[in-house]
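What follows is a set of notes on a single structure, which appears directly below.
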Amino acid sequence: TTAKAGVSLININDFKVVMLAPNKYQYYNLNNYSAVIKITYKNNSFLFMGDAEELSENEITGDVSADVLKVGHHGSSSSTGQTFLNKVNPKFAVISVGADNDYGHPAQMTLDKLTAIGATIFRTDKDGTVIFTSDGTNITVNKVSSTAAGSGNGSNGTANSSSKVIISNVDKVA
C-alpha cells in the first residue's frame, strides 16, 4: 500500500489504523513523505509522526487528537508546530532519539512546547524502551532501561537500536 492520507490499514471493531499523511505526491524535503499513522483502540488513540515536519503537519485534515504522540523528526525544531500540537493535545509525548546525537535533537523549543501543553515527556535516550499498554480506556506506561539508552554513538538523530516505543493492548479475559 502506498503511504498517503486516507488509507485505512485496519478497521476491526474497536481497533482502527489509518494514515493521515503524506497528503501530496511531491515534496522538496523527504521527511514530509513520512507516513503519519493514527491508531485508535476504543477510547485511546496514538499518533505516530515519523519524520514529518511542520509543512506535513499543517496539511493533515483528519482528526489528530491523541492520548499519545510519537513526536515527529526526533523532536527537531522543524516539527511539532504549536498549531498542530494544540490539535493533538497529547497526555503523553515520546521522542525517539539517540543520545548525544550530532543534530542536537530534541530541540529545547520542542521540549518547551510539550511541557507547556502539559504532556508527560518520555525520551528513548534517557528512558530506554517505552511501553504503552491500553485496555481501551486507560493507558499505562512502563519504561525498560536498556544498556544502550544514554550511550548513543552520536552519529545520527535516531534512537539506539534497543530503545523502542511499544504499544500493546491488554483485554481482560473472564
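Below are the figures for this structure:
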{"item": "Members of region 52-72 that are more than 18 Å from V7 (Cβ to Cβ) and open to solvent by 30 Å² or more (accessible area, probe 1.4 Å)", "result": "E54, L55, N58, S65, K70"}
{"item": "Condition broken by Q82, with the remaining ones in (1) touching a Phe, Trp or Tyr at 6+ places or on another chain (Cβ under 9 Å); (2) farther than 16 Å from A5 by Cα satisfied", "result": "(1)"}
{"item": "D112, sole failed condition from (1) surrounded by 18 or more Cβ atoms within 10 Å (Cβ to Cβ); (2) of a type outside the set (K, R); (3) over 15 Å from V68 (Cα atoms)", "result": "(1)"}
{"item": "Hits in region 73-101 (condition: open to solvent by 10 Å² or more (accessible area, probe 1.4 Å), under 22 Å from V17 (Cα atoms) and among the small types (G, A, S))", "result": "S96"}
{"item": "Complete set of residues in region 16-42 that are open to solvent by 60 Å² or more (accessible area, probe 1.4 Å), touching a residue at least 60 places away in the same chain (Cβ under 8 Å) and under 18 Å from the mean Cα position of the chain (by Cα)", "result": "none"}
{"item": "Any pair with Cβ under 9 angstrom, 6 or more apart, that starts in region 68-80 at a residue that is free of Cβ contacts under 8 Å to residues at least 60 places away in the same chain and ends at one that is open to solvent by less than 10 Å² (accessible area, probe 1.4 Å) and acidic (D, E)", "result": "G72/E57; S79/E57; T80/E57"}
{"item": "Some residue of region 2-12 being of a type in the set (D, E, K, R), under 20 Å from the mean Cα position of the chain (by Cα) and within 26 Å of I139 (Cα to Cα)", "result": "no"}
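The values are calculated or read from the model by the stated rules, or taken from the named source; none is laboratory data. Not measured: the values here are computed from a predicted model. Please note: Cβ atoms are built from the backbone with ideal geometry, for glycine as well, and neighbour counts cover all protein chains shown. The area values use the complete protein model at the heavy-atom level, side chains included, leaving out ligands, DNA and RNA. Shrake-Rupley method; radii C 1.70, N 1.55, O 1.52, S 1.80 Å.
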